[in-house]
Structures are given as structure tokens and as C-alpha cells.
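Inspection log for the structure reproduced underneath, given as C-alpha cells.
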Amino acid sequence: GLGLLSQKAERGVLYTQHGGAYSYSYRKSSFALGALLKAVVDGYQSENNSVMMEETGYEARNDLKNRNYVFSLSPQYTYNNKAHKVYIRVGVPFSYHVYDVEYKTKDDRHIDFWNVEPDVLFRYDVTDDWKASLNYSHKRQLGDVLDFADVPVMQNYQYVGVGSGILERRNSDTYTMRLNYRNDIDALFFNLSATYREMDVNVISGTAFTDDYILNYTAPLPNERKQKIVHASLSKFVDALRSSVG
């Protein structure tokens with residue numbers, strides 16, 4: 001058999017972050033601007049001496065370093081008109097990312113890109129008890145240095161994972177509608193929300209099983225996912241029970 005896994009690994013992270021914010025309000029409007037500068041040096045070295053490496057054809061050593069720099073600005077506008085029971089928030093944070101990956105066994109890699117994550121919320125107070133809102137947001141989740149690892153990384157005594165060789169990027173567009181009812185006098189509460197989310201990922205995950213180990217891997221294959229979520233709840237505070245029933 002391939003036997004249990006044996007690995008020696010070292011990982012060091014140097015992290016620094018500096019930021020500031022400015023805000024200004026005028027009547028029913030307000031504007032805020034945040035700025036952030038972040039730098040991360042993330043190094044990873046590993047050596048796996050198990051028979052599995054020879055049997056599967058992988059090299060025995062990971063040795064890479066990733067320098068990641070991020071500069072971001074986060075402008076946000078808010079309009080709050082209590083007389084007309086309208087609340088609007090618009091945020092358009094954007095950032096510039098730089099990745100410099102150094103390998104010992106192959107050519108270095110440079111990646112840079114812009115990232116924009118708009119977020120818009122509109123809320124209307126239909127009555128004092130009923131409130132409705134609409135929200136749209138775009139988010140992007142990014143991976144880390146282990147995405148570039150081309151040699152399996154030991155996760156526990158029998159599980160290993162290998163990166164795709166590219167930075168993982170998970171993009172999502174989320175649309176949410178909410179309807180809330182809150183009656184403090186009767187202690188009656190109702191919430192209804194409907195969410196539609198589209199996601200696209202630039203890698204796909206898979207798992208390979210053998211008698212001795214489990215290999216989790218990612219491959220650079222784009223894929224899309226869609227979600228539809230509806231959630232409703234109704235609760236009432238009952239004096240006799242001194243608690244809520246929903």
C-alpha cells in the first residue's frame with residue numbers, strides 16, 4: 001500500500017495594514033470614504049517523504065513565496081429621509097491586487113487585477129410596523145498561497161490536498177428582498193426573505209480515494225452555480241410562558 005502520510009512543513013506570514021476614513025454629512029445625506037493599504041508576505045515550504053509521492057508521480061517538495069499587495073478605496077453614500085420613510089445606501093468599494101509568486105522549481109508568476117464590489121440597499125417603511133427592503137451585492141472571495149502549491153499538502157494523517165496552480169476567485173451576485181413586520185405592543189413578529197444568488201468559480205474541486213489516503217484536488221475549470229432561498233418566520237411572545245413561540 002501507499003502507507004500513512006508523513007510531512008514536514010513550515011509556513012511564515014508577515015502582515016502589515018494601514019488605513020483611514022473620512023465622512024461628511026449634509027442634511028439627509030452622508031458620504032464616507034475609507035482607504036486601505038495592505039501587504040502580506042506568505043511563504044510555504046513542505047517536504048513529504050511518504051511512498052504516496054512516488055506512486056502518484058508528484059514531486060516531494062513545495063517551496064514557494066507569495067507577496068500580496070492590496071490598495072483599496074471604499075466610497076459609500078447614504079440617504080436617510082425619515083419623513084418619507086426612505087433609506088438608501090450605495091457602496092462601491094474597489095481595490096487593486098498584486099500577487100508575486102516565487103517558485104524554486106519553475107518560473108515565477110505575476111498577477112494583478114482590479115476588483116469592484118458594489119452593494120446597494122433600498123429600504124421603505126410602509127407603515128410603522130411593516131418594512132420592505134431590496135438589496136444587491138457583488139462579492140469576490142480570493143484564495144491564498146496554497147492555491148499555487150503544485151505538490152500535495154498534508155491536511156491530516158490521511159488527507160492531502162493539491163492546489164490548482166492559479167489563484168481561486170469566487171464571484172457572487174446576490175439579490176435579496178425582505179419584508180418585516182414588528183408589532184411591539186402585541187409582541188408579534190414576521191419576517192420574509194427571498195434570495196437569488198449566482199456564483200462563478202474559476203476552479204473545480206474533486207476527490208480521489210484509495211485504500212490508504214484521500215486526495216482533495218482543485219483544477220482550473222470554471223463553473224457556475226445558482227441558488228434560490230426563501231425563508232419565512234412568525235413568532236409571538238406569550239406572557240404565560242415568558243418566552244417566544246415561533
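Quick notes on this one:
- Each label was represented as a point 7 Å from its Cα along the Cα-to-Cβ direction; for Ser25 and Ser133 these points are 1.9 nm apart.
- Ellipticity estimate at 222 nm from DSSP helix runs (n ≥ 4, -39,500 (n - 2.57)) divided over the chain, nearest 500: -500 deg cm²/dmol
- For the peptides 162-175, 91-104, the ranking by mean Cβ contacts within 10 Å, running from highest to lowest, is 162-175, 91-104.
- A 1.4 Å probe run over the stretch 78-148, with the rest of the protein chains in place, finds 58 Å² accessible per residue.
- Order by protection proxy (mean Cβ within 10 Å, highest first), peptides 227-234, 76-83: 76-83, 227-234
- Using 0.36 nm per residue and subtracting the Cα-Cα separation, the extra length available between Leu234 and Glu47 on full extension is 61.8 nm.
- Cα gyration tensor shape of the stretch 1-140, rounded if a/c is under 1.5, else prolate or oblate by comparing a/b with b/c: prolate
- Cross-link pairs exceeding 20 Å between alpha carbons, from the set Lys139/Lys228; Lys38/Lys104; Lys38/Lys106: Lys38/Lys104; Lys38/Lys106.
- By accessible area, using a 1.4 Å probe on protein heavy atoms only, the chain has 54% of its surface on carbon and sulfur.
- Theoretical gain in end-to-end length, Tyr175 to Lys106 [0.36 nm per residue, Cα-Cα removed]: 20.6 nm
- Here Rg and Dmax of the Cα atoms in Å was computed from the coordinates, and among [x] 26.2, 85; [y] 21.1, 69; [z] 24.8, 74 the match is [z].
The values are calculated or read from the model by the stated rules, or taken from the named source; none is laboratory data. All of these numbers come straight from a predicted model, not from anything done at the bench. So basically every Cβ, Gly included, is an ideal-geometry build from the backbone, and we count neighbours across all protein chains shown. For the accessible areas, the whole protein counts, side chains as well, though only heavy atoms, and no ligand, DNA or RNA atoms are used. Shrake-Rupley method; radii C 1.70, N 1.55, O 1.52, S 1.80 Å.
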